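Let me begin by presenting the structure, written as structure tokens, before commenting on it.
Please treat every number below as a calculation from the coordinates, not as lab data. What you see is a predicted model; the values in this text were computed from it and never measured. Using ideal geometry, Cβ is built from the backbone for each residue, glycine included, and neighbour counts are taken over all protein chains shown.
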Amino acid sequence: MKKILKKGNHGAEFENFVEKYKPQTKELYRRTAESSAIGFVFSGSVGEVFGPKKIDGGFHLFEILKKYKKGSEQGLEVVYDEIYERLLKQKKEVLVISTIDSLYRTSDVFISQVVK
């Protein structure tokens, strides 16, 4: 499959592969994917093929179809997940800080002069 994608020859062989394995096209976001097992794809350029890479018990191929420049305008349907993730992260941070503050206020905490 990697050879077919690199050639750009999407003929009968490619069609057979698509029917058999039903590949999916997904958008990846640098902020969420860099720390995961697929962050390596952001070092490539459009048309480049990466893989096969074993992830979650299966093998995956990655073809870069399109790249967006930083700061480019995108529709809400594209950035909805990113907005949701940012808001969720903010809520989690507030919860962690409030929990730590609560524990600090209700516990006897002291810092030993011996420990440096």
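General observations
- Packing-based exposure ordering (other Cβ within 10 Å, fewest first) of 49, 96: 96, 49
- Loop-located GluC sites (Glu not before Pro) across the range 22-90 with a Cβ neighbour count of 14 or fewer within 10 Å are 27, 34, 48, 73, with loop assigned by DSSP.
- Taking Cβ atoms as reference points and 15 Å as the exclusive limit, the residues near residue 75 contribute a net charge of -4, counting Lys and Arg as +1 and Asp and Glu as -1.
- Rg to Rh, two decimals, where the range 2-106 supplies the alpha carbon set and Rh follows Kirkwood: 1.14
- Here the relative contact order of the range 44-88, from alpha carbon pairs under 8 Å that lie six or more residues apart, stands at 30 percent.
- Contact order relative to length of the chain, as percent, for alpha carbon pairs under 8 angstrom and 6 or more apart: 16
- Loop-resident trypsin sites (Lys or Arg not before Pro) (DSSP state other than H, G, I, E or B) in the range 14-92 with no more than 12 further Cβ atoms inside 10 Å of their Cβ: 26, 66, 67, 69, 70.
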